[in-house]
Amino acid sequence: MFRIGLVGAGTMGNTHQRAYRQLDDVTVAAVCDADMEKARRIADEWNAETYGSLAAMLNSANIDAVDICLPTDLHREAVELAAAYGKHVFCEKPIALTVEDASAMIAACKKADVTLMVGHVVRFFPEYRSAREQLQSGKLGKPGVVRTIRSGAFPKWSTWFGDYSRSGGPIIDLAIHDIDYLRWCFGPVRRVFSRTLNGERENFDHSLTLIRFESGVMAHVEASWAYPQGAPFQTSLEVAGTKGMVLYDRDKSNSVVQFGGTASPAGVPESPLAKSPYALELEHFIHCVKNKEVPLTSGEEALESLKIGLAAVQSARTNQPVDVGVDQR
């Protein structure tokens with residue numbers, strides 16, 4: 001039985017604990033949160049131990065790995081502490097808010113010889129994986145223009161999002177999903193240019209980023225917290241190539257619609273929902289720990305995606321394009 005210590009009992013902590021229900025031979029053995037009542041609500045479902053601090057959990061709990069679902073500005077301290085205790089680490093995205101912090105987290109896990117995986121879950125969404133597989137197979141031909149949207153109302157369910165020194169705002173917290181996915185699909189990024197629309201809060205709320213890849217592919221990445229409260233959360237992906245196009249829109253009843261190339265029989269997309277994307281990524285993490293494999297979304301991968309996000313933030317603040325460089329994989 002693989003034993004998880006869950007750190008953070010908020011929205012993502014609850015999302016992860018539900019995902020573990022879909023996996024075999026895994027248990028949430030301990031739950032840690034500064035709000036003990038929130039921790040107990042999850043712990044009671046698993047007959048798990050409850051702790052008010054990560055240090056207390058690491059000192060006492062019998063766990064194999066920690067799953068960190070804390071605000072982004074707390075990631076470095078938690079990861080370094082877990083690594084110091086020799087625990088494998090799953091950390092929610094983004095890995096950190098600075099290159100310095102992300103690099104320190106990677107170094108701490110390497111020194112302790114523990115696995116570090118970051119929760120860039122979009123790589124595990126079946127619709128996005130299908131689009132990448134069609135792209136990689138050549139069915140879409142030579143890719144040209146790509147568009148992604150990830151937008152909705154400001155996430156009032158956690159107040160720390162409003163402090164952009166903690167969350168990074170919509171580019172670092174929201175667009176980072178699509179930035180990481182696009183890196184996975186198209187490789188190194190040459191340059192970014194980002195514009196933002198300032199809302200009522202201190203920093204920007206709506207962003208549009210143009211990414212130019214070394215391959216010549218262009219991507220339009222839209223991320224927004226500017227919609228009114230109650231507006232539906234939207235995600236979409238469009239990949240256009242010389243032979244065909246793949247369009248994913250979460251509002252469609254058939255979430256993958258393909259034009260050109262080779263379509264599924266009768267145009268019906270494959271249904272991959274036996275396990276949620278969150279369960280798939282956590283299953284991958286445990287597999288990598290047990291088999292000493294490098295995770296698909298390793299710390300190094302997350303760092304390269306963060307660099308692009310930070311370049312986009314810099315571009316938005318200066319209204320100038322920013323070169324990212326080619327030191328990516």
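Just so you know, all these numbers are worked out from the coordinates, no wet-lab data involved. No experiment lies behind these values; they were computed from the predicted model shown. All Cβ positions, glycine included, derive from the backbone under ideal geometry; neighbour counts span all protein chains shown.
Side notes on the structure shown:
- Given charges at Cβ of Lys, Arg, Asp, Glu: the chain dipole, positive-most of VAL221, PHE124, ALA29: VAL221
- For the chain: relative contact order, % (alpha-carbon pairs under 8 angstrom, 6 or more apart): 19 percent
- Order of SER158, SER276 under a 10 Å beta carbon neighbour criterion, fewest first: SER158, SER276
- Within straight-line cross-link reach of LYS275, lysines at Cα separation under 29 Å, skipping those fewer than 8 residues along the same chain: LYS38, LYS87, LYS93, LYS139, LYS156, LYS252, LYS290, LYS292
- Cα-projected label distance for ASP113 with ARG190, points at 7 Å along beta-carbon direction, nm: 4.4 nm
- Using θ = phi - 60° in the Karplus curve 6.51 cos²θ - 1.76 cosθ + 1.60, the 3J(HN,Hα) couplings for segment 78-86 round to 5, 5, 4, 5, 4, 5, 4, 8, x Hz; x is entered for Gly and Pro.
- Interchain or long-range residues, amide H under 5 Å from PHE2's placed H: VAL26, THR27
- Net charge, ARG195 excluded, C-beta distance under 13 Å - Lys, Arg +1, Asp, Glu -1: -1
- Antiparallel content of DSSP bridges confined to the chain, in %, to 5: 55 percent
- 5 angstrom amide H check on HIS206, placed H, neighbours 5+ away: LEU197, GLY199, TRP225
- GNM on the chain, alpha-carbon springs under 10 angstrom: the most fluctuating residue among ASP35, ASP180, ASP73 is ASP35.
- Given charges at beta-carbon only (K, R positive; D, E negative), |dipole| of the chain in Debye: 880 debye
- Assigned charges on the beta-carbon of Lys, Arg, Asp, Glu; segment 10-61 dipole about Cα centre (debye): 120 debye
- For mean projected area of the Cα convex hull in nm², the value calculated from this model appears in (i) 20.9; (ii) 18.7; (iii) 16.6 under label (iii).
- Segment 16-95: chymotrypsin sites (Phe, Trp or Tyr not before Pro) in DSSP loop, at most 14 other beta carbons within 10 Å: none
- Our estimate of slack between TYR85 and TRP157, defined as 0.36 nm per intervening residue step minus the Cα-Cα distance, is 22.7 nm.
- The HN-Hα couplings worked out from phi for segment 48-57 by the Karplus form 6.51 cos²θ - 1.76 cosθ + 1.60 (θ = phi - 60°) are 9, 7, 10, 9, x, 8, 5, 4, 5, 5 Hz, whole numbers, x standing for Gly and Pro.
- Gyration tensor (alpha-carbon) shape descriptor, segment 27-88, a/c threshold 1.5: oblate
- Per-residue HN-Hα couplings for segment 176-181 [Karplus 6.51, -1.76, 1.60; θ = phi - 60°; Hz; x = Gly/Pro]: 4, 4, 6, 4, 5, 4
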